[in-house]
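K.L.:
Pasting a structure here, questions to come.
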Amino acid sequence: MLYSSAINYLKVLQNESKALCDGFGIPVTGNPFGHNDARDAFRHAYSSAVVAYENSALISQILGDLNELKGEMALKKKDRQSNEELNMDLWNNRIGREIGQNATSREEIAQKVYEALQNGSLITSLSDTRDWGGLTYGAPLNSLTPIGTAEAAFAAAAVAQRRDPLVVDLDGDAWT
């Protein structure tokens, strides 16, 4: 349920982004939603900004990273994105989160993302050598595998102290 809600939310943002790109006159170079071009950069930054504005930067990062991880874990190698595509998307997601954290409206977000596109802050080409340079949950996103991701999750869970909310320690000695 939560997954399908998140996917629907991202689809709404994708459609909004396309309409804004049309309104700003950002050229279509193939896919009308954009793919490895200015529209793609705008879509990633705008969607991340709106999620950060309406929810939080952390939620925006998690949804953005999950979207990219989906592309990294495609079963068919031909469906996986290149390291350059991943870098471009994560860079633009980060710029979007920064815009969204400081925004006061969606209209401001659209304008600031467009300005970022115009002033070269967004990556619009796979040949751009700027590196998003971040780690996602302690490892580069493109190094994660389904098994590696599960192992990392189990390792993190093993470190966390679990406390059953139904147990009441009346004398205070159970948690030592």
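A short reminder: the numbers here are calculations on the coordinates, not readings from a lab. Every value quoted in this text rests on a predicted model; they were computed, and no experiment measured them. Cβ placement follows ideal geometry from the backbone for every residue including glycine, while neighbour counts extend to all protein chains displayed.
K.L.:
Each residue of segment 25-37 in order: what ³J(HN,Hα) in whole Hz does its phi give by Karplus 6.51 cos²θ - 1.76 cosθ + 1.60, θ = phi - 60°, with x for Gly and Pro?
P.N.:
Each residue of segment 25-37 in turn: x, 6, x, 8, 10, x, 5, x, 8, x, 8, 6, 8 Hz.
K.L.:
Also: State, to one decimal in nm, how far the label point of residue 80 lies from the label point of residue 59, with both points 7 Å from Cα in the Cβ direction.
P.N.:
3.2 nm
K.L.:
Work out how much length residue 118 to residue 28 would gain on full extension: take 0.36 nm times their residue separation and subtract the Cα-Cα distance, in nm to one decimal.
P.N.:
30.8 nm
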